[in-house]
Amino acid sequence: MAEYQLYCFAQSGNAYRCALMLNLIGADWEPIWVDFFAKGEQRSPEYRANVNEMGEAPVLVHGDKKLSQSGVILTYLSDRSGKFRPDGEDERLEALRWIIFDNQKLNGYLGPYRFLRNFAKPAGDPAAMAFLKGRIDNSLTILEKRLARSPFVVGDRPTIADISLTGYLYYPAEEFGFDMPGTHPNIAAWLTRMKALPRWGHPYELMPGYPLAA
Ligand SMILES: N[C@@H](CCC(=O)N[C@@H](CS)C(=O)NCC(=O)O)C(=O)O
């Protein structure tokens, strides 16, 4: 058995953050597939009782520890490995600030938007989609401006804040119906820098369940 297990599925940008981190730090890890689409496994009583009371993926298992919330998992892995770890109190708080912004306002809206557009039946109500799109555009503008100041979110080197923020940004533009890197040059250059890191992998390669069974 690998040292780390990650409950995840290929379409989850929330889980991708953790899969990417595990790969980038060269951890010995294996995915445990969560059947989100056909079974809604993450909401089952068994999953809530044995894996995560919050009914969500990702969950990281490491020995006796079972951690959920990607921001917590990223923090744990960076503390343990010393990699992508923000340095000192100011950087730590700054990274946390961007991780919370990301979870709530960038990938926190991109995930539901993509789900309602691609996977939900019926698809999302147009008014709800327009609301989410407005929030996404606003958050992308904030990130775009930030990345004009420094090559990575917290400074000159990548940290867990960058890994968190890439959550949904490598999925194909067709899944969103808009091209985020195409319209945000600083974000595009940053995504290229992140992609150049050793052991970087695409979400559809790192996690099981793609393509979805018909
Ligand atoms: N803030 C959480 C979000 C986790 C999350 O929402 N995961 C989705 C999958 S992408 C999920 O499991 N949702 C459960 C559901 O909606 O039933 C994190 O970053 O880990």
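A few notes on this one:
- Counting only residues at least eight positions apart within a chain, or on another chain, the lysines with an alpha carbon under 30 Å from that of residue 39 are 65, 66, 105, 121, 133.
- Between residue 66 and residue 3, the distance separating the two model label sites (each 7 Å from Cα on the Cα→Cβ line) works out to 2.2 nm.
- Area of residue 67 that stays accessible when all protein chains are in place (1.4 Å probe, Å², to 10): 30
- Normalising the average separation of contacting C-alpha pairs (under 8 angstrom, six or more residues apart) by the number of residues puts the relative contact order of the chain at 29 percent.
- Whole-percent carbon and sulfur share, accessible surface of the chain, 1.4 Å: 53
- Tensor-based shape of the range 26-67 (alpha-carbon gyration tensor, a/c under 1.5 rounded, otherwise prolate or oblate): oblate
- Theoretical gain in end-to-end length, residue 90 to residue 141 [0.36 nm per residue, Cα-Cα removed]: 16.0 nm
- Helix-only CD estimate at 222 nm, as mean residue ellipticity for the chain, using -39500 (n - 2.57) per DSSP H run (n ≥ 4): -14500 deg cm²/dmol
- Those aspartates and glutamates that a straight Cα-Cα span of less than 19 Å connects to residue 83, excepting residues fewer than 8 apart in one chain: 3, 28, 91, 94, 156, 162
- Whether the range 29-151 is rounded, prolate or oblate, judged on the alpha carbon gyration tensor where a/c under 1.5 counts as rounded: oblate
- Zero-based 10 Å bins, Cα pair distances in the chain, whole percents: 8, 35, 38, 17, 2
- Length available on full extension from residue 200 to residue 125: 0.36 nm per residue minus the Cα-Cα distance, which gives 23.5 nm.
- Cα→Cβ-extended label distance, 7 Å offset, between residue 46 and residue 79, nm: 3.2
- Computed over the range 46-169: relative contact order in percent, which uses C-alpha pairs under 8 Å that are six or more apart: 27
The values are calculated or read from the model by the stated rules, or taken from the named source; none is laboratory data. Note that the structure is a prediction, hence the values are computed from the model and not measured. Reconstructed Cβ throughout: ideal geometry from the backbone, glycine too, with neighbour counts over all protein chains shown. Accessible surface areas use protein heavy atoms only, side chains included; no ligands, DNA or RNA. Shrake-Rupley method; radii C 1.70, N 1.55, O 1.52, S 1.80 Å.
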